[in-house]
Structures are given as structure tokens and as C-alpha cells.
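Comments concern the structure below.
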């Protein structure tokens with residue numbers, strides 16, 4: 001296949017996958033995605049980098065609309081997979097501000113998608129931990145461990161602050177599972193926190209009946225109390 005014929009085919013598959021409103025295209029998203037992804041991979045691995053600067057290719061990406069993605073979750077998932085796998089395609093999509101903002105928000109406002117922060121904002125001075133702090137929608141106790149793995153290596157990360165944010169995020173209603181997840185995470189990291197920090201988090205814990213009315217409350221509380229007792233040094237001032 002010549003470069004020109006490859007370019008024409010690539011443009012066609014991207015149009016059918018992400019632009020066309022034809023019902024058959026929407027119906028066959030997964031097949032179109034497989035071809036588009038494979039062709040993107042082939043182009044990059046075989047040095048066809050100039051393909052992604054071609055006016056006709058840039059133009060087809062510019063025709064993607066927010067509405068076309070909103071109407072099909074499988075279509076937007078296909079796009080997310082391609083752009084997070086290939087930064088050169090992400091750069092093209094970034095020029096389509098409406099679509100870029102929609103997709104980045106959709107991905108990053110989900111705890112599972114937070115790991116793609118640098119894929120979307122490689123030159124942003126704000127760390128992923130700061131981004132997390134500023135977006136309360138992703139303060140989800142049930143994902144305590146998953147979020148921690150993403151933010152823990154940031155220069156501005158503070159475990160005591162993080163634990164407090166997540167503890168406060170435990171719902172006041174229907175939050176038993178969230179509290180279970182948080183306490184499992186919290187107990188794993190007790191040795192990285194000061195006694196003062198632990199007690200501050202437990203104060204928030206005790207003020208939420210979704211924490212204290214759980215089946216695991218007694219066991220969790222006993223473990224934390226035992227740790228505090230073992231690491232609290234009492235001085236004898238009687239002398």
C-alpha cells in the first residue's frame with residue numbers, strides 16, 4: 001500500500017469511526033475502532049509521522065463534535081483509547097477545544113481515569129494531586145487505594161491531608177462500602193502517619209454513622225486503637 005492510499009484509508013476509517021452519523025457506523029464502532037487503532041499503530045511504528053500533519057487528516061479530526069461522542073459511549077471510549085495510547089493523535093485532538101475539554105473531563109473526573117492526567121496535560125504545572133484536590137467529584141472513598149497509587153509520587157503529596165480528604169468524602173447515606181474501602185486503605189498506612197494525624201482522621205470517622213454503624217466498625221476501631229496505644233509514649237512525671 002502506498003503512502004497516499006494509506007492516508008486515504010486512514011482518513012476514511014477515522015471519519016467512519018468518529019465523525020459519521022450513519023447508523024451502520026455507530027453500530028459497527030468496535031470493528032472500525034480495531035482498524036483505526038491498528039492503522040495508527042502501524043503508521044507510527046513505520047515512520048509515517050508526517051501523516052498526522054497532513055491537512056486532510058487534521059481536518060477530519062476537527063470535524064468530530066461533542067454531540068457525536070455523547071450519543072455513543074462506545075465511540076467516545078474508542079477515541080479515548082486511541083488518544084491516550086498515541087500522544088501524536090492527542091495533540092491533534094487538543095486543537096479541537098470543544099471535544100478535548102469534553103473528553104478530558106469525562107476521563108479525569110473518573111477515579112480510574114485520573115492516571116491519564118499527564119497524557120492530557122503533559123506540560124501543565126499543576127500536579128495530578130493538586131488536580132485531585134481541586135475536583136471534589138473524584139473524592140471517592142471507595143477508590144482510596146486506586147487514587148493513592150496515582151497521586152502518591154507527586155512532590156506536593158501529603159498523606160495526612162489525603163486521608164482527611166477521603167475520610168470527609170465518605171457519604172452520610174449509603175456509605176458502608178465506602179467506609180470499608182477507606183478503612184482498609186487507612187489501616188495499611190497507619191505507620192506513615194503521626195498519632196495526631198490518625199486521631200484527626202478518626203474524629204471525622206466517629207462523626208459519620210456510616211462508619212460507626214458498619215459490621216466492621218468494631219474490628220477496625222480496635223486495630224486503630226491498638227496501633228495508637230502501641231505508638232504513644234507515656235512519660236512518668238512523678239519524680
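The values are calculated or read from the model by the stated rules, or taken from the named source; none is laboratory data. Treat the numbers as computed from the prediction; the structure is a model and nothing was measured. Every residue, glycine among them, receives a Cβ derived from its backbone with ideal geometry; neighbour counts consider all protein chains shown.
For the stretch 187-203, the criterion of being farther than 25 Å from residue 233 by Cβ and at pLDDT 95 or above is satisfied by no residue at all.
Screening the candidates 103, 137, 93 for the property of being surrounded by 16 or more Cβ atoms within 10 Å (Cβ to Cβ) and either farther than 23 Å from residue 35 by Cβ or over 16 Å from the mean Cα position of the chain (by Cα) (or both) yields one hit, 93. Residues in the stretch 207-238 that are within 23 Å of residue 148 (Cα to Cα) and under 29 Å from the mean Cα position of the chain (by Cα): 208, 210, 211, 216, 220.
Residue-level analysis places residue 170 among those that are touching a residue at least 40 places away in the same chain (Cβ under 8 Å), within 14 Å of residue 140 (Cα to Cα) and within 23 Å of the chain's Cα centre (by Cα).
Screening the candidates 22, 67 for the property of being farther than 23 Å from residue 113 by Cβ, modelled with pLDDT under 95 and surrounded by fewer than 18 Cβ atoms within 10 Å (Cβ to Cβ) yields one hit, 22.
Per-residue answers, yes or no, for (1) touching a strand residue (DSSP E or B) at 6+ places or on another chain (Cβ under 7 Å); (2) crowded, with 17+ Cβ neighbours inside 10 Å; (3) on the phi < 0 side of the Ramachandran plot; (4) in contact (Cβ under 8 Å) with a residue 24 or more places away in the chain:
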position	(1), (2), (3), (4)
5	no, no, yes, no
9	no, no, yes, yes
26	no, yes, yes, yes
29	no, yes, yes, yes
34	no, no, yes, no
37	no, yes, yes, yes
41	no, no, yes, yes
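If the condition is being part of a loop (DSSP other than H, G, I, E, B) and closer than 22 Å to residue 118 by Cα, then the stretch 150-180 contributes 152, 153, 154, 155, 156, 157, 158.
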